[in-house]
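Heads up, the thing below is written out as structure tokens.
The values are calculated or read from the model by the stated rules, or taken from the named source; none is laboratory data. On a predicted model such as this, the values are computed, not experimentally measured, just so you know. Counting neighbours? That spans all protein chains shown, and the Cβs are built from the backbone with ideal geometry, glycine included. SASA here: full protein model, heavy atoms, side chains in, ligands and nucleic acids out. Shrake-Rupley method; radii C 1.70, N 1.55, O 1.52, S 1.80 Å.
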Amino acid sequence: MFCYQGVWTLCALREGAMEAIGVDGSGPALERARRNAEANGLDPILEEANAFDWMREASDRGERFGGIVLDPPPFVKSKEDLEKGLGAYKELSLRAMKMLEPGGWLFVASCSQRVSPEALLDILRQAAADARRSVRVLEETAQPADHPILLEIPETRYLKGVLLEARG
């Protein structure tokens, strides 16, 4: 979800996925994703859609996936956006958890600097409870060295991710 230029989608295919769907609301970004796929000899399914609507419709159809990546743009750009942004992360995560096959994995990324790693884990915990899914954390990720964290500027700690596995 929010595939932008298709990196996650193309990596999934390159690593052996039989099928990979990339969803993004930007036509120009999807055109770049198509060009990236062609340059790499890959054939993903790329769909222009609102990610929230797409996931709701896929969930309502009973679709299931072995892996889902949620890599949205920053939902929380200011203190005033925090509650609404956390709600957006929760809604996406809840729908994704409902669509995971047993043993499937979910990667949730956040580039909202006002969402702490602890807050993201709490949202995922709530989503799992609401989805009635048992999930375990396989890995927590942070930003790489080319995105330095400066102690005097807390806002520089903004990239985080959590890899989860559905346990049934």
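Observations on the structure shown:
- Rel. contact order, % - alpha carbon contacts under 8 angstrom, at least six apart, region 1-89: 29 percent
- Counting only protein heavy atoms and a 1.4 Å probe, region 1-138 has 54 square angstrom of accessible area per residue.
- Simple spin-label estimate for Ala17 and Ser134 gives 2.7 nm between the two label positions (7 Å along the Cα-to-Cβ direction from each Cα).
- Built amide H within the under 5 Å cut-off of Phe65, gap 5+: Leu100, Glu101
- The relative contact order of region 56-110 comes to 54 percent, based on Cα pairs under 8 Å that sit 6 or more residues apart.
- Relative contact order of the chain, taken over Cα pairs closer than 8 Å and 6 or more residues apart, is 20 percent.
- Kyte-Doolittle mean at least 0.0, axial Cα span of 20 Å or more - DSSP H helices of the chain: 117-131
- Accessible surface, 1.4 Å probe, highest first, among residues Cys3, Cys111: Cys111, Cys3
- Annotation: Lys79 carries an accessible surface of approximately 140 Å², with a 1.4 Å probe and no ligand, DNA or RNA atoms counted.
- Fraction of accessible area attributable to carbon and sulfur, the chain (%, probe 1.4 Å): 51 percent
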